[in-house]
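Written out below as structure tokens is the structure these notes cover.
The values are calculated or read from the model by the stated rules, or taken from the named source; none is laboratory data. Only a predicted model underlies this, so the values are computations on that prediction, with no experimental measurement involved. Glycine also receives a Cβ, built like all others from the backbone with ideal geometry; neighbour counts cover every protein chain displayed. The accessibility values were calculated without ligands, DNA or RNA, using every heavy atom of the protein model including side chains. Shrake-Rupley method; radii C 1.70, N 1.55, O 1.52, S 1.80 Å.
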Amino acid sequence: MSNERILNTLRAPHISEKSARLAEGNQYVFVVAPAATKADVRTAVEQMFDVKVEQVNLVNVKGKTKSFRFRAGNRQGKRKAYVRLAEGQTIDVAAKA
Amino acid sequence: MQFSVENVGKLERKLTVKFPAERLESQVSARIAEMARTVRLKGFRPGKVPTTVIQQRFGAQVRGEALSDLIGNTLREAFEQEKLRPVANPAIDTTGQPENGEISYTATFEVMPELPEVDVAALEIERPVAEVTDADIEKMIETLRQQRRSFDPVERASAEGDFVMFEYAAQVGDYRFPAEGLERAGSVLGSGTLFKALDEVLSGRKAGEEFEAEIAFPEDFRNDQLAGKTAQCRFTIVKVQEPKLPEIDADFAKLFGIADGDLEAFRKEVRANLERELKAALLARLKSEVAEKLAEAHAGVEVPNLMVQSEAQNLAAGSVPRGQQPPPQLIEAAQPVARKRVIAGLLMGEIARKQELTLDRKRLAEQLAAIASTYEEPEKVIELYNGDPQLMSGLQNRVMEDQVAEWVAEHAKTTVHNLGFDEVMRPVGA
């Protein structure tokens with residue numbers, strides 16, 4: 001896989017109450033590129049954070065439908081990746097890289 | 001908490017303080033718990049942010065704050081127990097990392113010197129005294145008249161004191177000033193606005209007259225090309241005006257804010273003004289005299305270097321335009337004066353404490369009113385002072401110094417020195 005594709009895979013860490021709770025169970029949540037595959041996410045996380053990934057789950061979140069002046073519009077959706085790391089490995093999400 | 005004091009220099013102290021690391025940790029965790037309840041973070045409902053997230057995000061910052069807080073507290077305790085009086089904020093040096101369960105830091109600072117007993121009675125103070133006489137008032141009014149004089153055009157030849165407006169062109173070799181046409185200028189003859197040679201040429205001329213003359217320009221003339229050279233000049237006199245001093249009458253008095261033009265009231269006003277200025281000048285003289293003598297008598301007192309430095313900085317800053325950094329050599333040059341000032345200031349403070357002089361509220365109010373009365377809207381100035389602690393404390397200091405100076409003058413060997421009004425008003429050292 002090309003270097004560019006790896007660098008473009010991960011968009012941002014997804015920060016929420018749920019993600020904070022999951023982090024204790026060694027699972028981290030990222031917003032990823034819409035076209036990213038599980039394999040993409042796995043290599044990207046393994047290379048960028050230098051960790052061993054055990055499992056990747058992907059979720060598509062549809063944007064909310066909002067109306068403005070009686071015209072329907074869509075917010076942007078996103079693709080979330082739930083990445084479970086191997087036992088004993090961590091990612092410092094708050095670190096500025 | 002343990003601490004030890006080390007004497008580095010005569011006034012310099014090094015304080016080493018150690019305190020258990022748990023004190024820091026407990027503070028940090030308390031603060032994080034506090035933050036967890038109040039902080040708002042995106043992605044979390046208020047109050048639902050886990051402490052681990054806060055630790056990750058704000059840990060370093062909170063730790064730094066808690067550490068500096070603890071250092072401040074422990075330092076204050078140490079100062080109290082050791083009865084140290086630091087001059088300025090101490091310089092703190094610490095790793096912030098616990099070693100053997102203890103965090104240690106060193107603080108380096110200078111302490112107030114032990115001031116010697118001030119023997120006021122041995123000081124010889126010259127106290128200047130002066131009064132406003134009627135002659136002074138007349139002189140002041142004369143000056144005011146001079147300031148308000150008007151000029152009327154006349155047909156006769158110009159004489160000393162007249163205002164002459166003229167046009168000229170100067171020629172030195174190939175250089176002509178101005179390059180084309182004539183330059184217009186004006187001068188009051190004999191007032192020294194223009195140089196003497198020019199005044200001489202211009203006196204005895206009527207309006208409309210045209211003539212040529214050789215003029216030797218002085219070395220310090222503002223035009224470089226002409227300075228120090230003799231030039232062939234062409235003159236045209238535009239007009240000659242004679243000065244007219246205003247009569248001392250009701251209209252004149254009205255110019256100075258006496259509404260009904262009462263001359264007696266005007267004189268009184270002038271007298272009050274002069275007296276106020278004289279009083280301030282006398283006090284300033286007395287103050288500098290006292291300060292001078294105090295500093296002379298105790299020239300050997302050890303004073304904190306830091307204070308001298310900052311005073312020298314202030315002095316040097318006063319001699320360059322506002323907002324500019326004074327050059328280092330200027331600060332260096334100001335050192336001896338600064339040292340004297342610091343000594344005098346410290347001694348004066350010491351006297352005030354020993355004699356239990358307290359700030360005279362009435363005097364403060366008077367001083368404030370005096371300052372305010374020179375402004376257009378006195379109430380606003382007073383309000384400004386009352387609302388600004390820094391301004392107010394500056395004023396309080398000044399009043400306090402005045403009081404100390406007077407106290408010293410009363411208790412020292414004082415010789416009264418009678419001076420005229422003019423002598424007092426002339427700046428010291430001029």
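Chain B: D in µm²/s via Stokes-Einstein (Kirkwood Rh, Cα pairs, 20 °C, 1.002 mPa s)? Walk me through the intermediate numbers first.
Details: Rh = 29.4 Å.
It comes out at roughly 73 µm²/s.
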## Note on the structure
Pseudo-spin-label distance residue B:206 to residue B:5, built 7 Å along Cα→Cβ, given in nm, is 9.0 nm
### Message
Taking all protein chains in place and a 1.4 Å probe, what share, in percent, of the accessible surface of segment A:3-96 do carbon and sulfur account for?
### Response
49 percent
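For chain B, what relative contact order do you get, as a whole percent, if you take Cα pairs closer than 8 Å and at least 6 residues apart?
Once divided by the residue count of chain B, the mean separation gives 17 percent.
Can you tally the net charge around residue B:247? Count Lys and Arg as +1, Asp and Glu as -1, for every other residue whose Cβ sits under 12 Å from the Cβ of residue B:247.
Values: positive: B:145, B:148, B:149, B:244; negative: B:249, B:251.
Net of charged neighbours comes to +2.
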### Message
Once neighbouring chains are kept in place and the probe is 1.4 Å, which whole percent of the accessible area of segment B:150-244 is contributed by carbon and sulfur?
### Response
46 percent
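Report the extension gain between residue B:83 and residue B:56 in nm, rounded to one decimal, defined as 0.36 nm multiplied by the number of residues separating them, less their alpha carbon distance. Before the final figure, lay out the partial values.
On the way: separation 27, 0.36 × 27 = 9.72 nm, distance 4.12 nm.
Here the answer is 5.6 nm.
If the only charges are +1 at each Lys and Arg Cβ and -1 at each Asp and Glu Cβ, what is the size of the charge dipole of chain B around the Cα centre, to the nearest 20 debye? Show your work: numbers first, answer last.
Values: 54 positive and 72 negative charges, 449 e Å.
Rounded to the nearest 20 debye, it is 2160 debye.
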### Message
Just to be sure I understand: of the beta bridges DSSP finds with both ends in the protein assembly as shown, what percent are antiparallel, rounded to 5?
### Response
90 percent
### chain A: radius of gyration and largest Cα-Cα distance (Dmax), Å
15.1, 52
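Rounded to the nearest 20 debye, what is the charge dipole size of the protein assembly as shown about its Cα centre when +1 sits on each Lys and Arg Cβ and -1 on each Asp and Glu Cβ? Walk me through the numbers on the way to the answer.
Values: 72 positive and 81 negative charges, 1116 e Å.
It comes to approximately 5360 debye.
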#### Entry: P(r) of the protein assembly as shown over all Cα-Cα pairs, binned every 10 Å from zero, in whole percent
3, 10, 12, 13, 13, 12, 11, 10, 10, 5, 1, 0
#### Entry: Two-site FRET efficiency, residue A:7 against residue B:219, from Cβ-Cβ distance with R₀ of 60 Å, rounded to 0.05
0.20
### Summary
One finds, for residue B:335 and residue B:397 with R0 = 22 angstrom and r their Cβ-Cβ distance, a FRET efficiency to the nearest 0.05 of 0.45
### Message
Could you report the accessible area of residue B:411 in Å², rounded to 10, computed with a 1.4 Å probe on the protein chains as they sit in the structure?
### Response
90 Å²
### Message
Testing the spin-label approximation: label points 7 Å from Cα along Cα→Cβ at residue B:95 and residue B:230. State their distance in nm.
### Response
8.4 nm
### Query
In percent, what relative contact order does segment B:2-110 have, based on Cα pairs under 8 Å that are 6 or more apart in sequence?
35 percent
### Summary
Buried accessible surface, A vs B, both sides, probe 1.4 Å, in Å² to 100, equals 700 Å²
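Summarise the partner chain shielding of B:383-394 as one whole number: the mean count of Cβ atoms from other chains within 10 Å of each residue's Cβ.
Numbers: counts 0, 0, 0, 0, 0, 0, 0, 0, 0, 0, 0, 0.
Mean shielding by partner chains, rounded to a whole number: 0.
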### Task
Go ahead and set up a Gaussian network model of chain B, Cα springs under 10 Å, then flag whichever of B:394, B:420, B:181 fluctuates most.
B:181
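Suppose R0 equals 45 Å; then what is the FRET efficiency for residue B:37 and residue B:388 from their Cβ-Cβ distance, rounded to the nearest 0.05? Don't skip to the answer; put the middle values down first.
Details: r = 37 Å, r/R0 = 0.82.
The pair residue B:37/residue B:388 has a calculated efficiency of 0.75.
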#### Entry: Within 10 Å of each Cβ in A:14-20, the average number of Cβ atoms from other chains
5
### Message
Place a point 7 Å from the Cα of residue B:167 along the Cα-to-Cβ direction; which residues of segment B:213-234 have their backbone N under 13 Å from it?
### Response
B:234
### Label zone at residue A:16, where the point sits 7 Å out along the Cα-to-Cβ direction: segment B:25-42 residues whose backbone N lies under 16 Å
B:41-42
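With n ≥ 4 as the cut-off for DSSP H runs, can you work out [θ] at 222 nm for chain B, using -39500 (n - 2.57) per run divided by the number of residues, rounded to the nearest 500?
Details: 12 runs with 204 residues, N = 430.
That calculation yields -16000 deg cm²/dmol at 222 nm.
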### Query
Over the Cα atoms of segment B:2-110, how large are the radius of gyration and the largest Cα-Cα distance (Dmax), in Å?
17.4, 59
### Virtual spin-label span in nm between residue A:47 and residue B:418, 7 Å along Cα→Cβ
10.1 nm
### Query
Fully extended, how many nm does the chain gain between residue B:138 and residue B:259 (0.36 nm per residue separation, minus their Cα-Cα distance)?
41.5 nm
### Task
Skip the ligands, DNA and RNA, and give the accessible area per residue of the protein assembly as shown with a 1.4 Å probe, whole Å².
62 Å²
### Task
Per residue of B:39-48, count partner chain C-beta atoms within 10 Å of its C-beta, then hand back the mean as an integer.
2
### Query
Quick one: ranking B:341, B:23 by accessible area, 1.4 Å probe, largest first, what do you get?
B:341, B:23
